[in-house]
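Everything below concerns the one structure shown next.
The values are calculated or read from the model by the stated rules, or taken from the named source; none is laboratory data. Every value quoted in this text rests on a predicted model; they were computed, and no experiment measured them. Because the Cβ atoms are built from the backbone with ideal geometry, glycine has one as well, and the counts that use them run over all protein chains shown. Calculation scope for accessible area: heavy atoms of the full protein, side chains included, ligands and nucleic acids excluded. Shrake-Rupley method; radii C 1.70, N 1.55, O 1.52, S 1.80 Å.
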Amino acid sequence: MTNEAYKKEIIRLKEQYNVTIVAHFYQKDEVFEMADISGDSLQLAQMAMSDTNPYLVFCGVGFMGESVKILSPQKRVLMPKIACCAMARMIDGEHYDMNVSILENAGINKADILPITYINSSAEVKAKVGEMGGMVCTSSNAKKIIEKGLKSGKKILFVPDKCLGQNIAIMMGLKSCVVGDGTDPKESDIICYNGFCSVHQLFELEDVEFYRNRYPDIKIISHPECKPEVCQASDFVGSTSQIIKYIKDLPIDQKVAVGTEFNLVNRLRKKNTYVLSSTKPECPTMNETTLEDLYNTLKSIEDNTITNEIQVDPHVAKWAKIALDRMLEL
């Protein structure tokens, strides 16, 4: 079928079977355009909770579908492609426990560790964090969550994105380290797991300097998953939704160079907008989902052969929800 034929069938199927299509900002344009709800990770989880349709088809990556299922267990959550975020794959329950053990061997009691996990992590890791009294955060609320965590008087173990943890530490005037970097974790307020986003690692300080030299009045905008030196050289650092709002409020003749995923940057606005990279920063896992995948998932509802339905172990779901709820309460 052509893309137009797929789109026509997708609209028919979702209306006939009371399906809500959800898409993350990083999805391909043709998939993104089919969504009833779009947003960043936190927005999608929150909006999905209030949606009344029994079926929710989530166009994104696996941890997002898991989060929606955990927060809305009564829904049937399907994914056209259960793609796995590269960052989320960098940590599992075993690696999490290993890092806690490393800190214990360094002289930090487990009872003195408060874990915080970025939402870009599996349900298993969220559950581990929940069982240790910790919380989930997103890039938009990480500072607020860490501030709350520090009131406990404990060391923050921040997983899995070292860059987000380091950038928040710099913003708050705190000391940070990365597990295994040779420094004494007892000397740090925020101890970061050695994970990262493969897309946001593409942006370099040299890219910032290139655009500043070419356009002296340009605004450099970056996501906090970027390297600390890139964020420190930027005019604005924010989550996906914060970046969108910031750029929307700028005059159209203001040139901007944006350090985040290509599909988002490409649809922000048509004029005076540049990608802060010499290579195309396209998320490979977010871009796995196609119109055909979306159609096939909806067709499986019609054919009563449901595919790619998200299920979460009840014990894991219980503790992951506790970690998510602690975030949502704030």
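In table form, for the structure just shown:
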{"item": "Criterion (open to solvent by 20 Å² or more (accessible area, probe 1.4 Å) and either of a type in the set (Phe, Trp, Tyr) or without any contact (Cβ under 8 Å) to a residue 12 or more places away in the chain (or both)) met by exactly one of 253, 249, 235, 293", "result": "249"}
{"item": "Residue in the stretch 206-213 that is in contact (Cβ under 8 Å) with a residue 24 or more places away in the chain and crowded, with 21+ Cβ neighbours inside 10 Å present", "result": "yes"}
{"item": "Residue match in the stretch 168-177 (condition: basic (Lys, Arg), in a helix (DSSP H, G or I) and open to solvent by 20 Å² or more (accessible area, probe 1.4 Å))", "result": "no"}
{"item": "Positions within the stretch 300-330 being assigned to a helix (DSSP H, G or I), touching a strand residue (DSSP E or B) at 6+ places or on another chain (Cβ under 6 Å) and within 10 Å of residue 70 (Cβ to Cβ), in sequence order", "result": "323, 324"}
{"item": "Wholly enclosed helices (runs of 4 or more DSSP H) of the stretch 1-103 bearing at least 1 residues over 22 Å from residue 286 (Cα atoms) and among the acidic types (Asp, Glu)", "result": "3-16"}
{"item": "Residue, modelled with the lowest pLDDT, within the stretch 262-294, restricted to residues that are in a loop (DSSP other than H, G, I, E, B), out of contact with any Asp or Glu (no Cβ under 7 Å at 6 or more places or on another chain) and within 13 Å of residue 60 (Cβ to Cβ)", "result": "285"}
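Yes/no per residue for (1) part of a loop (DSSP other than H, G, I, E, B); (2) in contact with a Cys (Cβ under 9 Å, 6 or more places away or on another chain); (3) among the hydrophobic types (A, V, I, L, M, F, W, C):
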site: 183; (1), (2), (3): yes, yes, no
site: 186; (1), (2), (3): no, no, no
site: 197; (1), (2), (3): yes, yes, yes
site: 201; (1), (2), (3): no, yes, no
site: 206; (1), (2), (3): no, no, no
site: 211; (1), (2), (3): no, no, no
site: 216; (1), (2), (3): yes, no, no
site: 221; (1), (2), (3): no, no, yes
site: 225; (1), (2), (3): yes, yes, no
